[in-house]
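Presented below is the structure to which this report refers.
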Amino acid sequence: MRRTPFTAGWQTRPKASPFAELTGGAPPWQPVTLPHDATLGRVRGPEHGAASGYTPGGTYEYRTTLAAPAQWRDRTVLLDFEGVYRSAMVYVNGALAGQQASGYTGFTVSLDDHLRPGEDNEIRVECRSHADSRWYAGAGIHRPVHLIVGPLLHIALDGVRVTTPDVDPELAMVEVATTVANDGRGLRTVTVVTELRDATGAVVATDRVPVSVRPGEPAVVRQRLSVLDPALWGPDSPTLYTATVTLTDGEELVDDDTVSFGIRALSVDPHRGLRINGTPVLLRGACVHSDNGLLGAAAIDRADERRVELLRAAGFNALRSAHNPMSRAMLDACDRLGVLVMDELSDVWTEGKTDFDAALTFPDWWERDLEALVRKDLNHPSVVMYSIGNEIPEVGTPAGALWSRRLAERVRALDPTRLVTNGVNGTLSTPFDPATMALPSAEDVGINTMLATMGDLMTSIAASETVGNATAETFGVLDVAGMNYMDSRYEADRETYPNRVIVGSETFPAQIDRLWRQVRDLPHVIGDFTWTGWDYLGEAGIGRVSDAADPAAAQLAAPWPWLAAWCGDIDITGQRRPASYYREIVFGLRRDPYLAVERPERHGREQVLSPWSWTDTVGSWSWTGAEGRPVTVEVYSDADEVELLQDGRSLGVVPAGEKNRYRATFEVTYTPGELAAVARTAGQETGRSTLVSASGPVRLTATTDRDVVRADDTDLAHVDVALTDAAGTVVLGADREVTVTVDGPAVLQGLGSAAPATEESYLDDVHTTFDGRALAVVRPTGAGPITVTTTAPGCAPVTVHLEAR
């Protein structure tokens, strides 16, 4: 059975009671194309809290009409939801047909019992979001919906599972397990024909076998096919094959399905670490939340694909879905690009972290959620680890250890081919006397020391014997011990637990130099996942830099109107921040130095950084209005030393490289012109970088990531808008409102900037630039030419032409 998109023709509104319907007080329905975030259009306010980015919750309903032909009486009809946030209830012609508690778990609803063939049928979905997440979760049908219509005898949905149990360079054995279901009457016998094709479309293996299927008793057909000289899937060569399975009855085609897969072998041990096809791989990992910035929680395929592309280009080879199952589109992109995945189940088990979170339903739904996670991931070679949880408070107790074992063993029963981990935070999972953990007060030690102590406290407590004993059983049920902010255990655990393999499942971004050295030196530590690779909405301001004089500086959460966390290597519009280039240098992927300039207004003022902060720097030497002011310049480099040149004049040489944490710092007076950094090792130049100030009138520019897009609602064009000079240098300190209009078969899906604090909406056609930049997201509605026009005060309009095909 095949999925068909079912995303157009929907309507939505805040949920209305039956009494409001009777009295005419119900809010009007609004047309919408799925995926959709119902929260994004709500009015934010300081009363709603920093966790959600000061965005309110609510209860929402969606509806659409499904015209069912009369011949569907003898067909199997399903609706497949990839994700509805949250507590979804699906009604067909007024009758409850299905429900799902989790906001991120995919689920399928059979329409057969409620559908009226030959008539129009109403599909209605209710969902709700009320103080139930630690971050911005949005609300609504935020992932795609598919309609499945198939014969009564059919290949089950997600019923083709491909594994590669035996792999070597000369020969690979590929096992295809196909589940065939019979929703009709009477025993039927059909032939299962399977063809494997390589990346060029050539058939490399075939097999056929008969199968007899009784009604209500699905049959699993296992076929082992050999592939000679296989092209193995790996991070550096992500070659994909396809398996097409066809059911035939004589000459009649009954049903078919096609899945992609990769041929690869996966192993891990404490001596050789993680190996794919026998080759060691160190995980250069990023944690990523599920939202898409300006699109809110809406998981439109192209937005998820673009995130993977940009994260990979920034040096990451692995992603951790934090803290929920990854979308299908993102998994497809990881397969195609060779990005490894740690796919995560949930942020809570039985002990809640917010008032109405998933702990309320986890004990009843965990098994179905796990089955859906594994079913979604089975054929994706990018998925190497399942994470059964994140910072679960109860894992340090006997009851929590029971849950750990229950979950891990269920995963293995469903899929024994992959590794099981769990992101454990030793501080949160181990009972301590709060008096022994109290942070020093800001009055006694200063705000910076107090907040720094927060991070130091987690890592120091993690090294304790108390944590080691409390977490021994929960780590013992795992294939890989996921450690959140527990790097203080890496070295010691090599002796204490010699068979333990560790991954840094969540780490502080500014510590990557020290962390990566441990990954490189310790064979039992297979990688590091920073918090976070891509900035996200909610947990507002946990990575911000504050002035010590700010009364809110001592609080981890930022005050209204902060919206973003501001802790990602890449901001919510897709622009790399200085921390990203620093990390690339630490990973050994970049030879040229990187110049990062602290905002001039920060100079000489005491600053407060949280454990998730980076310095408040920008890769620019164009600061309107800062002439003659002192600024701090950071140069990141793996070379022995760095020389800084201002308009060709040397400002000195400062040691850099690993011994100096890959960083050289200079104090400079800002003068427009050229700033250059020259890196040298053993007296030989190894690279250089230059920043040039903008000059002349400010111009408006617009560039798109692609000129041609698919003529369907799963695709997007991302139009980068910038204020520049004639040479294309972005101007800082001259931000202004930009207005975007779209003509042709497309809509403006989102418009915004990376500004972490804003009262502007991403749904308006006007938005203020931040650091000279903004992003417009255009969504096709059909085929044809599309024109995107951008205007700004004092600038000539600029037009981008697209083609939807």
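A compact table of results
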quantity: Filter result (at pLDDT below 95 and at positive phi) within the stretch 92-119; calculated: none
quantity: Residues being of a type outside the set (Ser, Thr, Tyr) and either in contact with a His (Cβ under 7 Å, 6 or more places away or on another chain) or surrounded by fewer than 22 Cβ atoms within 10 Å (Cβ to Cβ) (or both) - total across the stretch 743-770; calculated: 15
quantity: Criterion violated by Cys567 - all others in (1) open to solvent by less than 10 Å² (accessible area, probe 1.4 Å); (2) under 13 Å from Gly533 (Cβ atoms); (3) not in a loop (DSSP other than H, G, I, E, B) satisfied; calculated: (3)
quantity: Tally of residues being assigned to a loop (DSSP other than H, G, I, E, B) and exposed (fewer than 13 other Cβ atoms within 10 Å of the Cβ) across the stretch 1-18; calculated: 1
quantity: Qualifying residue in the stretch 159-174 (condition: open to solvent by less than 70 Å² (accessible area, probe 1.4 Å) and at pLDDT below 95); calculated: yes
quantity: Candidate set: the stretch 593-625, residues that are in a strand (DSSP E or B) and of a type in the set (Ser, Thr, Tyr); chosen: the one nearest to Pro756 (Cα to Cα); calculated: Thr617
quantity: Complete set of residues in the stretch 60-70 that are part of a strand (DSSP E or B) and open to solvent by 20 Å² or more (accessible area, probe 1.4 Å); calculated: Arg63, Thr65, Ala67
quantity: Qualifying positions in the stretch 83-114 - of a type outside the set (A, V, I, L, M), buried (at least 24 other Cβ atoms within 10 Å of the Cβ) and not in a strand (DSSP E or B); calculated: Gly83, Arg86, Ser102, Gly103, Tyr104, Thr105
quantity: Residue list for the stretch 274-288, restricted to those being more than 20 Å from Asp168 (Cβ to Cβ) and open to solvent by less than 10 Å² (accessible area, probe 1.4 Å); calculated: Leu283, Gly285, Ala286, Cys287, Val288
quantity: Number of the condition not met by Thr624 [criteria: (1) within 18 Å of Thr507 (Cβ to Cβ); (2) polar (S, T, N, Q); (3) at pLDDT below 95]; calculated: (1)
quantity: Out of Arg736, Arg699, sole residue that is over 18 Å from Tyr636 (Cα atoms), surrounded by fewer than 16 Cβ atoms within 10 Å (Cβ to Cβ) and among the basic types (Lys, Arg); calculated: Arg736
quantity: Pick from the stretch 19-59, criterion more than 20 Å from Trp560 (Cβ to Cβ) and of a type in the set (Val, Ile, Thr), ranking: surrounded by the fewest Cβ atoms within 10 Å (Cβ to Cβ); calculated: Thr23
quantity: Every pair of residues 6+ apart whose Cβ atoms lie under 8 Å, when the first sits in the stretch 718-740 and is on the phi > 0 side of the Ramachandran plot while the second is outside any strand (DSSP E or B) and open to solvent by 10 Å² or more (accessible area, probe 1.4 Å); calculated: Gly733/Thr624; Gly733/Gly625
quantity: Hits in the stretch 523-542 (condition: farther than 30 Å from Tyr136 by Cβ and open to solvent by 10 Å² or more (accessible area, probe 1.4 Å)); calculated: Pro523
quantity: So Ala303, is it open to solvent by less than 10 Å² (accessible area, probe 1.4 Å), part of a strand (DSSP E or B) and not basic (Lys, Arg); calculated: no
quantity: Of the criteria (1) open to solvent by 10 Å² or more (accessible area, probe 1.4 Å); (2) touching a Gly at 6+ places or on another chain (Cβ under 9 Å); (3) in a strand (DSSP E or B), which one Asp638 fails; calculated: (3)
quantity: Matching option when the condition is in contact with a Ser or Thr (Cβ under 8 Å, 6 or more places away or on another chain) and either farther than 22 Å from Val395 by Cβ or modelled with pLDDT of 95 or more (or both), among Ala548, Ala540, Ala564, Ala481; calculated: Ala481
quantity: Residue check for Arg284: more than 11 Å from the chain's Cα centre (by Cα), part of a strand (DSSP E or B) and more than 16 Å from Asp132 (Cα to Cα); calculated: yes
quantity: Count of the stretch 120-134 residues which are modelled with pLDDT of 95 or more and not β-branched (Val, Ile, Thr); calculated: 6
quantity: Those residues of the stretch 74-89 which are at pLDDT 95 or above and over 20 Å from the mean Cα position of the chain (by Cα), in sequence order; calculated: Arg75, Thr76, Val77, Leu78, Leu79, Asp80, Ser87, Ala88, Met89
quantity: Condition met for Ala702 (aliphatic (A, V, I, L, M), modelled with pLDDT of 95 or more and more than 28 Å from the chain's Cα centre (by Cα)); calculated: no
quantity: Failed condition for Pro27, given (1) touching a His at 6+ places or on another chain (Cβ under 7 Å); (2) in a loop (DSSP other than H, G, I, E, B); calculated: (1)
quantity: From the options Arg649, Arg629, Arg605, residue that is surrounded by fewer than 23 Cβ atoms within 10 Å (Cβ to Cβ), over 30 Å from Leu716 (Cα atoms), at pLDDT below 95 and not polar (S, T, N, Q); calculated: Arg605
quantity: Whichever residue in the stretch 570-597 is farther than 19 Å from Arg307 by Cα and among the hydroxyl-bearing types (Ser, Thr, Tyr) and, among such residues, is least open to solvent (accessible area, probe 1.4 Å); calculated: Tyr582
quantity: Complete set of residues in the stretch 392-417 that are open to solvent by 20 Å² or more (accessible area, probe 1.4 Å) and either among the polar types (S, T, N, Q) or under 20 Å from Val501 (Cα atoms) (or both); calculated: Thr397, Arg405, Glu409, Arg412, Pro416, Thr417
quantity: Residue within the stretch 410-424 that is outside any helix (DSSP H, G or I), in contact with a Leu (Cβ under 9 Å, 6 or more places away or on another chain) and on the phi > 0 side of the Ramachandran plot present; calculated: no
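The values are calculated or read from the model by the stated rules, or taken from the named source; none is laboratory data. Please read all numbers here as calculations on a predicted model, not as lab measurements. Every residue, glycine among them, receives a Cβ derived from its backbone with ideal geometry; neighbour counts consider all protein chains shown. What goes into the accessible areas is simple: the full protein's heavy atoms, side chains included, and nothing from ligands, DNA or RNA. Shrake-Rupley method; radii C 1.70, N 1.55, O 1.52, S 1.80 Å.
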